[in-house]
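Structure record follows, encoded as structure tokens.
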2 protein chains.
Amino acid sequence: MTSSDAGLLADQNPLPSGVDSRLREHLTFLIEVDQLKTVLRASPLAAADRRENDAEHSWHLALMVLTLAEYADEPIDVGHTMKLVVVHDLVEIYAGDTPIYDTELGESQQEREEAAADRLFGILPEDAGRALRALWDEFEARKTPEARFAKAMDRLQPLLLNWMAKGGTWRTPGVTAEAVRGRKAVIGEGSTKLWEAALELIDEGERRGWARS
Amino acid sequence: MTSSDAGLLADQNPLPSGVDSRLREHLTFLIEVDQLKTVLRASPLAAADRRENDAEHSWHLALMVLTLAEYADEPIDVGHTMKLVVVHDLVEIYAGDTPIYDTELGESQQEREEAAADRLFGILPEDAGRALRALWDEFEARKTPEARFAKAMDRLQPLLLNWMAKGGTWRTPGVTAEAVRGRKAVIGEGSTKLWEAALELIDEGERRGWARS
């Protein structure tokens with residue numbers, strides 16, 4: 001990636017020397033992550049004729065956690081779940097977005113994202129980097145109720161956008177309604193009720209020809 | 001606004017009838033808020049040559065809360081503070097963004113935003129709408145440590161972007177470095193340390209001619 005060859009974003013205009021070194025590392029990280037706003041996803045927005053970016057998506061998930069927590073099958077700590085979704089896509093700043101129906105890119109995804117995590121969280125003071133890395137690891141592992149619900153939001157959100165687009169990425173060549181159900185089933189690990197609603201949308205989308213039978 | 005004349009976004013493609021009425025209200029709200037991604041702010045991105053939108057900004061604040069909480073003058077509940085920043089700009093979906101240096105728009109801001117809050121949070125089931133409205137009210141009132149820190153992030157984030165842009169909105173006609181200090185002083189109500197760093201950036205920006213003396 002250009003960004004990784006070019007050094008850190010903050011190096012283009014170094015912070016004043018009066019900012020002490022620990023805070024400088026925090027702010028350098030917070031400037032670097034501005035790039036999440038430039039990572040495009042496959043999903044189309046409902047509100048405008050363009051694709052969504054990772055920062056917008058992450059904000060939408062955080063609001064979904066706050067709004068839909070009552071549907072979680074197990075009790076969740078809402079604030080902690082919001083932390084998971086706010087950091088969950090950060091590695092894509094260096095690793096790029098891997099569209100859910102792209103099996104070829106999917107094969108190298110874990111390796112690329114682990115390297116990106118080392119580099120990105122390494123910008124922070126060591127203890128702070130470790131704390132954010134732990135949140136990302138928790139999200140990926142899906143072993144806590146919070147991580148399962150966060151992942152459910154990550155799969156439900158583009159489904160709402162695809163519904164509004166009358167198909168959206170469901171129309172990707174080679175993708176069928178059954179494949180969509182397969183990739184979205186993880187919603188049911190966080191919320192039975194939301195998985196039922198997701199199936200309503202996919203089933204109705206298939207009936208209307210927005211997803212292939 | 002066109003969006004308010006045109007009814008709800010979800011009305012353009014109603015959800016399947018199998019989704020029950022409470023969840024339907026939740027999802028209708030979550031589709032409606034997709035519009036936050038189309039509300040442009042005055043601030044330029046650091047990572048690309050375009051202005052930032054409210055959804056990107058809100059995500060950035062949430063990550064800043066998580067990263068900078070150690071600098072809060074009073075202990076804060078990080079998860080709760082993240083809730084505040086995730087909802088703080090929602091009313092701009094109907095009320096629009098009010099740039100910080102636009103005093104004319106500033107006069108009507110509160111009235112426009114209150115009406116927007118009534119309408120937007122009214123889409124949700126009553127108890128859920130009340131809960132989100134309470135978060136917005138708390139943010140606006142700045143009476144809790146969490147609200148003060150959230151507001152500090154709201155003022156610090158564009159300052160980082162303006163620094164990276166070598167001026168950005170500091171170059172707005174009629175704005176001086178002293179006016180920037182005045183509008184940003186609220187950072188000091190949440191964090192003495194971050195306010196000191198903010199002053200370093202503004203002072204250095206003034207020395208370099210990025211903000212008028």
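Decide, for the range B:114-190, between rounded, prolate and oblate: order the square roots of the alpha carbon gyration tensor eigenvalues as a ≥ b ≥ c, take rounded if a/c falls under 1.5, and otherwise choose prolate if a/b is larger than b/c, else oblate.
Prolate is the answer for the range B:114-190, as a/c is 1.5 or above and a/b outweighs b/c.
Specify whether the C-alpha gyration tensor of the range A:84-150 places it in the rounded, prolate or oblate class, a ≥ b ≥ c being the square roots of the eigenvalues: rounded for a/c under 1.5, otherwise prolate if a/b is larger than b/c and oblate if not.
oblate
When each copy gets a label point 7 Å from Cα toward the beta-carbon at B:Arg22, what are the spacings between them in nm, shortest first?
4.6
Highest GNM mean-square fluctuation, chain B, Cα pairs closer than 10 Å: which of B:Glu74, B:Glu189, B:Glu126?
B:Glu126
Within the accessible area of the range A:1-157, what % is carbon and sulfur when the probe is 1.4 Å and the other protein chains stay in place?
Reported share for carbon and sulfur atoms: 48 percent.
Dipole of the range A:125-168, Cα-centred, from +1 at each Lys and Arg C-beta and -1 at each Asp and Glu C-beta, to the nearest 20 debye?
With Lys and Arg at +1 and Asp and Glu at -1, about 320 debye.
Using only protein heavy atoms and a 1.4 Å probe, how much accessible area in total is buried between A and B, to the nearest 100 Å²?
Answer for the A-B pair: about 5500 Å² buried.
Quick one: which residues, 5+ away or cross-chain, put their amide H under 5 Å from the amide H of B:Arg212? H built at 1.01 Å from N.
B:Ala177
Given H placed on each backbone N at 1.01 Å, which residues far from B:Glu52 in sequence or on other chains put an amide H within less than 5 Å of it?
When sequence neighbours closer than 5 places are left aside, the close amide H contacts are B:Arg41, B:Ser43, B:Leu45.
I want to check the label-to-label distance for A:Gln12 and B:Glu196. Put each point 7 Å from Cα in the C-beta direction and report it in nm to one decimal.
It is 3.0 nm.
For the range A:155-213, compute Rh as the Kirkwood radius over C-alpha pairs and then the Stokes-Einstein diffusion coefficient at 10 °C and 1.306 mPa s; write the answer in µm²/s, rounded to an integer.
Reported coefficient: 143 µm²/s.
Springs between alpha-carbon atoms under 10 Å, Gaussian network over chain B: tell me which of B:Ala69, B:Ala131, B:Ala165 tops the mean-square fluctuations.
Of B:Ala69, B:Ala131, B:Ala165, the most mobile in the Gaussian network model is B:Ala131.
Just read off the accessible area of B:Lys166 with the full protein assembly in place, 1.4 Å probe, to the nearest 10 Å².
Roll a 1.4 Å probe over it and B:Lys166 shows about 90 Å².
Which aspartates and glutamates have a Cα less than 16 Å from the Cα of B:Lys184, not counting those fewer than 8 places away in the same chain?
Result set, ordered by chain and number: B:Asp102, B:Glu140, B:Asp154, B:Glu196, B:Glu200, B:Asp203, B:Glu204, B:Glu206.
Determine the dipole magnitude for the protein assembly as shown: charges of +1 sit on the beta-carbon of Lys and Arg, -1 on that of Asp and Glu, nothing else is charged, the reference point is the Cα centre, and the result goes in debye to the nearest 20.
The dipole of the protein assembly as shown has a size of about 600 debye.
How large is the accessible surface of B:Leu160 in square angstrom, using a 1.4 angstrom probe and rounding to the nearest 10?
Result for B:Leu160: roughly 10 Å² accessible.
Inside 10 Å of the C-beta atoms of A:36-42, what's the mean count of C-beta atoms belonging to other chains?
3
Let me confirm one metric for peptide A:136-144, namely the mean number of other chain beta-carbon atoms within 10 Å of its residues' beta-carbons.
Partner Cβ neighbours, averaged per residue: 0.
Give me the dipole magnitude in Debye, nearest 20, for the range B:79-213 about the Cα centre, with unit charges on the beta carbon: positive for Lys and Arg, negative for Asp and Glu.
560 debye
Does the range B:54-206 come out rounded, prolate or oblate, given a ≥ b ≥ c as the square roots of the eigenvalues of its C-alpha gyration tensor, rounded meaning a/c under 1.5 and, failing that, prolate meaning a/b above b/c?
Because a/c hits 1.5 or more and a/b fails to exceed b/c, the range B:54-206 counts as oblate.
Taking chain A as a Gaussian network, Cα atoms linked when under 10 Å apart, which of A:Asp154, A:Asp73, A:Asp49 shows the biggest mean-square fluctuation?
Ranking A:Asp154, A:Asp73, A:Asp49 by mean-square fluctuation puts A:Asp49 first.
Kindly flag which residue pairs out of A:Lys151/B:Lys83; A:Lys143/B:Lys37; B:Lys143/B:Lys193; B:Lys83/B:Lys151; A:Lys193/B:Lys37 have an alpha-carbon separation exceeding 23 Å in this structure.
A:Lys143/B:Lys37; A:Lys193/B:Lys37
The values are calculated or read from the model by the stated rules, or taken from the named source; none is laboratory data. Quick caveat: nothing in here was measured; it's all calculated off a predicted structure. Note that each Cβ is placed from the backbone with ideal geometry, even for glycine, and that neighbours are counted across all protein chains shown. Remember, those area values only see protein heavy atoms, side chains included, never the ligands or the DNA or RNA. Shrake-Rupley method; radii C 1.70, N 1.55, O 1.52, S 1.80 Å.
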